[in-house]
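What follows is a single structure, written as structure tokens, with notes after it.
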């Protein structure tokens with residue numbers, strides 16, 4: 001597998017698994033590595049991977065410490081650790097403190113990205129309660145990445161995408177089907 | 001349709017409003033989804049201690065023990081095993097109490113709900129439980 005050049009980070013919470021299924025429905029292999037940070041009990045992380053794997057040709061697995069994300073790969077952040085990427089593009093799960101009362105929090109993943117690590121960075125905030133992803137999306141925007149929020153009207157809980165939108169740092173506010181179309185541009 | 005539901009799993013509607021309990025039970029029975037009812041968070045905990053496994057449709061606003069407090073009790077009593085919680089509520093925007101338990105809330109359904117929409121959400125959640 002080729003080392004990836006595009007990184008897509010998706011933050012999702014309550015109602016997220018069904019939205020993710022819509023986004024990844026029949027998703028072909030993309031020239032990108034995707035990290036999904038879903039707030040979910042630990043016992044369902046593998047179930048989420050199984051469901052996503054049934055949707056897409058990309059390889060789906062739970063992120064492990066020391067993994068180097070690859071093209072056409074989806075890594076799901078495990079519950080109980082903050083999923084960060086160090087400067088060697090290696091997954092770091094050493095921090096286990098809660099942020100926004102959750103672990104993993106997508107803010108931690110997004111804020112761990114440093115400038116010039118990738119050709120393209122995409123940050124996406126889906127349904128959920130609270131403000132996880134708000135600082136992260138501003139950071140991705142500052143790094144000249146692409147920022148997307150789920151249209152709050154299509155979110156079971158709108159506050160997470162709305163909070164990201166309210167920063168003024170979101171380029172695209174899209175329904176899940178349109179987020180899928182946006183990701184297909186990385187084929 | 002019943003054979004598509006993982007063995008041993010069922011649905012529990014937890015709501016202090018008898019009309020909602022009856023409406024949900026009829027909707028799910030029409031869909032051949034096995035369902036039981038509880039009229040309070042305490043009764044929900046009782047069913048869990050008795051071995052309930054499956055999807056819990058949990059009302060948010062209930063007297064004494066509300067939906068969020070019920071989730072806290074489930075976690076405190078180490079009963080969060082083989083269950084998925086869907087909140088069933090009249091509130092479009094949940095209150096701040098959700099923040100501390102949000103990772104335990106799989107989905108959030110606003111009342112009044114359409115029969116088809118409820119059944120779809122429940123089936124999707126049941127599908128997440130290991131057979």
(message) Against the definition (on the phi > 0 side of the Ramachandran plot and in contact with a strand residue (DSSP E or B) (Cβ under 6 Å, 6 or more places away or on another chain)), how does residue B:54 come out, yes or no?
(response) yes
(message) Residue under question is residue B:88, and the condition is that it be within 14 Å of another protein chain (Cβ to nearest Cβ), buried (at least 22 other Cβ atoms within 10 Å of the Cβ) and either touching a residue at least 24 places away in the same chain (Cβ under 8 Å) or in contact with a strand residue (DSSP E or B) (Cβ under 6 Å, 6 or more places away or on another chain) (or both); does it hold?
(response) yes
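So that you can scan it fast, the table gives a plain yes or no per residue for (1) more than 10 Å from chain B (Cβ to nearest Cβ); (2) exposed (fewer than 15 other Cβ atoms within 10 Å of the Cβ); (3) free of Cβ contacts under 8 Å to residues at least 24 places away in the same chain:
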site	(1), (2), (3)
A:29	yes, yes, no
A:32	yes, no, no
A:35	yes, no, no
A:42	no, yes, no
A:50	no, yes, yes
A:58	yes, no, no
A:75	yes, no, no
(message) Going by what's in this entry, would residue A:18 be described as within 14 Å of another protein chain (Cβ to nearest Cβ) and in contact with a strand residue (DSSP E or B) (Cβ under 6 Å, 6 or more places away or on another chain)?
(response) no
(request) At least 2 residues that are closer than 30 Å to residue B:71 by Cα and in contact with a helix residue (DSSP H, G or I) (Cβ under 9 Å, 6 or more places away or on another chain) in each: list the strands (runs of 3 or more DSSP E) lying fully within segment A:1-91 that qualify. (result) A:6-12, A:33-38, A:59-62
(request) Within segment A:131-150, identify whether any single residue is under 17 Å from residue A:36 (Cβ atoms), touching a helix residue (DSSP H, G or I) at 6+ places or on another chain (Cβ under 7 Å), part of a loop (DSSP other than H, G, I, E, B) and modelled with pLDDT of 95 or more, and answer yes or no. (result) yes
(message) Quick check on segment B:92-131: of everything there that is at the interface with another protein chain (Cβ under 10 Å from one of its Cβ atoms) and part of a loop (DSSP other than H, G, I, E, B), which residue is surrounded by the most Cβ atoms within 10 Å (Cβ to Cβ)?
(response) B:94
(request) Please specify each residue of segment A:135-153 satisfying the condition of being in contact (Cβ under 8 Å) with a residue 24 or more places away in the chain, within 25 Å of residue B:92 (Cβ to Cβ) and surrounded by fewer than 24 Cβ atoms within 10 Å (Cβ to Cβ). (result) A:151
(message) Go through (1) surrounded by fewer than 23 Cβ atoms within 10 Å (Cβ to Cβ); (2) at pLDDT 95 or above; (3) within 14 Å of chain A (Cβ to nearest Cβ); (4) not in a loop (DSSP other than H, G, I, E, B) for residue B:71 and report which single condition fails.
(response) (1)
(message) If I ask for residues that are within 13 Å of chain B (Cβ to nearest Cβ), touching a residue at least 12 places away in the same chain (Cβ under 8 Å) and outside any strand (DSSP E or B), which ones from segment A:92-101 would you list?
(response) A:100, A:101
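The values are calculated or read from the model by the stated rules, or taken from the named source; none is laboratory data. Predicted model, so just to flag it, every value in this text is computed and none were measured. No Cβ is skipped: glycine too gets one built from the backbone with ideal geometry, and neighbour counts run over all protein chains shown.
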